[in-house]
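Just below is one structure, and these are the notes that go with it.
Values in this text are rule-based calculations from the coordinates and carry no lab data. Just so we're clear, the structure is a prediction, and the values are computed from it rather than from any experiment. Counting neighbours? That spans all protein chains shown, and the Cβs are built from the backbone with ideal geometry, glycine included.
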Amino acid sequence: MRGRIALMALALGGALGLAGAAVAQEKIKIGVSYPTPTHAWAAGMNWHAENAEKRLEALYPDIDLILVNSPDPGAQASALEDLVSVHQIDALVVLPFESEPLTDPVLNVKKSGALITVVDRGLSQPGIEDIYVAGNNPELGRVSAVYMKSRLKEGDNIVVLRGIPTLIDNERFDAFMAEIEGSGINVLDHKHANWNRDDGFDVMQDFLSRFPDIDAVWAQDDDIAIGVVAALKQAGRDGDGMFVVGGAGMKETIKGIMDGNELVPVDVLYPPAMIATAMDVTVAAFKSNGPVAGRYILGATLITPENAEQFYFPDSPF
Amino acid sequence: MADTIAPQPAARRATSLDIKTLGPAIALILLCVIGFLLNPAFLSEGNITNLLTRSAFIGIIAVGATFVITAGGIDLSVGSMAAVIAGVMIIVMNNTIDTFGTGIATVLIGCFCSIILGLGAGWANGMLTTKGKIEAFIVTLGTMGIFRSLVTYFADGGTLSLDYGIRDTYRPVYYDSFMGLPIPVWVFIMVAIAGWVLLNWTAFGRYCTAIGSNEAVARYSAIKVDRIKTWTYVLQGLCVSLATIIYVPRLGSASSSTGVLWELEAIAAVIIGGTVLKGGYGRIGGTILGALILTTIGNILNFTDVISNYLNGTMQGLIIIVAVWLQRGDWGRKGRTKL
């Protein structure tokens, strides 16, 4: 008697287990891993990732997106291991915290057979990722310079506020300078303002004390631009056609552009929404009949009053 | 023999005292001369006011830090505390618009809130250090992390922005001047004078020094050590809240990058000013000079392109070390013994 019940239970359990496995196999699991948002741009990315998750899961009931954020590279490496062992993901979308320490963990995910999409920051070994989605840093610098040239004439003076001394900052700055060269526009000086409002304010105050004649400012980043604008207004030097060009696509800046702000008339896009693009492309790898593997470099679009609306997300934190 | 040696210690003390008092002042004057030589615009009225106003934040916080450090403690949480107070102030002011409008009442509520938070946060640091018997370094390292993540949480990872209506009311607190000096500078002067009186002319100041020199002896001398130490942290909290009150109207925003490394700048200002890091000796005047020196270094580096941007940190580090060496180094005494 007892033996029969045990057997039945075993059979039942087995059947349930099989059914569970069948359901799990039907769902396509995609892990999405990125750093915990600690600054506005990353918070915007988090928001766009969550929105893309809702949208894609509503569109494809058999797609399961698993969003994980990690506070440091070590935690992200562990999170990747968990995505493979616990969730048995079929694909991974990853924005690596740092390239070097995450190259091996991502390689291990690839060995499990998953499709790999890398976002924004490349890995230190080529050929691991199937899909690469990133913004275009040199293009951001170049587009900004082209706009400067369109507004300024020979002999005009500009100052440049840079970000945190990193490869990203160098790429943007070098491309900007290359485009400006030969135009006759003088770059009076460039200083690091660390993608930070307070530093932008301080550096701009000092530029204003130092140079009596400045015609425009390249702030490279929307946060720096906010500090720059405050310093210009304090010194009463925000008139006479003075303008500031930032970058990234912060919602307040874009709102200003839509409202016709003359001091910050344009912005250059480096969108946190690129994570959503990466998720779309990765899902397409399972759903589309077209090939998707490859490198997707997003444009550094110049945001003007004409096209601002399509980049405006009032609910996003960025 | 005895006759010749006797006057020497007195002379020695006089010179070492002079160097100790004048070290930071000499360093600051030297910096100003260098700044002027690099670019005469350095001494323009506009730049001097910018410099003084900019020093106010770190300076006010450093006055509080002078008490904490003199009493043998340390507070690493001040930068994060400033960020979280700024964040909460903005949230509170934005939410009271409906009831009180965008007038002075709302700003006053924000300021009141800031002071309560500053006192509370300081009290928590103090109680955990004294009653909780945890090292100040650990307590404030903990609260530093807590405050920093709280502001990130409140801002949802992004930036908290003050309503534009209130901004117009509140803006003058940072940007307006009174008798030729910006208001933040006046606040700085007032805090400095109050701190100087408190440290040098009251029993509280003497108790801080006594506790910092030798806590056990202070306890045997019937000084209420725990209470005095807690008060130093409460004072520090108050200074942070004052600094925040003048910081918020500048850009009207707070985020997780607000006040990053302010704790180290405040501690550096205190030490450059001649206060001893292990406690027992504090100088408010020196702290003020220390804060001015730190801001001036950054300002001068922005005024020249002679030095590579990547070397800014090196220049700052060198100047800090030289400024402290000027007053600590044995070089004054050695010169004397050789004579």
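Worth a mention:
- Partner chain coverage, peptide B:26-32 - average Cβ within 10 angstrom: 0
- Restraint check, A:K149/A:K255; A:K29/A:K287; B:K131/B:K224; A:K54/A:K287; B:K229/B:K278, Cα-Cα greater than 22 Å: A:K149/A:K255
- Sequence-separation-based contact order of chain B, relative, with Cα cut under 8 Å and 6+ spacing, percent: 35
- Per-bin percent of Cα-Cα distances, the stretch B:132-198 [5 Å]: 4, 12, 11, 10, 13, 20, 16, 10, 4, 0
- Dipole size of the protein assembly as shown about its Cα centre, with +1 on Lys/Arg Cβ and -1 on Asp/Glu Cβ: approximately 3060 debye, rounded to the nearest 20.
- The smallest convex shape that holds all Cα atoms of the protein assembly as shown, its convex hull, gives 252 Å³ per residue.
- Listed residues A:I131, A:V32, A:A114: farthest to the positive end of the dipole of the stretch A:25-134 (Cβ charges): A:I131
- Within chain A, the selection of entire DSSP H helices by a Cα span of 24 Å or greater along the long axis and an average Kyte-Doolittle value of at least 0.5 returns A:2-26.
- Over the stretch A:132-199, equivalent-ellipsoid semi-axes from the Cα gyration tensor in Å: 21, 16, 9
- Chain B: DSSP helices with Cα axial extent of at least 18 Å and average Kyte-Doolittle hydropathy no lower than -0.5: B:7-38, B:45-70, B:78-100, B:104-130, B:136-154, B:183-201, B:225-251, B:284-302, B:312-328
- Dipole magnitude of chain A about its Cα centre (Cβ charges: Lys, Arg +1; Asp, Glu -1), debye to nearest 20: 1180
- The mean number of partner chain beta-carbon atoms within 10 angstrom of a residue's beta-carbon across peptide A:187-197 is 3.
- Qualifying trypsin sites (Lys or Arg not before Pro) in the stretch A:46-154, where qualification requires a DSSP coil assignment and no more than 15 other C-beta atoms within 10 Å, comprise A:K153.
- In plain terms, the chain from B:V197 to B:S44 could stretch by 51.9 nm, reckoned as 0.36 nm per residue minus the Cα-Cα distance.
- Cα-centre dipole for the stretch A:137-268 with unit charges at Cβ (Lys and Arg positive, Asp and Glu negative), debye to 20: 120
- When all alpha carbon pairs of the stretch B:21-328 are counted in 20 Å bins from zero, the resulting P(r) reads 33, 57, 10 %.
- Across peptide B:256-267, the mean count of Cβ atoms from other chains lying within 10 Å of each residue's own Cβ comes to 2.
- Radius of gyration and maximum dimension Dmax of the stretch B:202-313, Cα, Å: 17.9, 57
- When the convex hull of its Cα atoms is projected in every direction, mean area for chain A (nm²): 20.2
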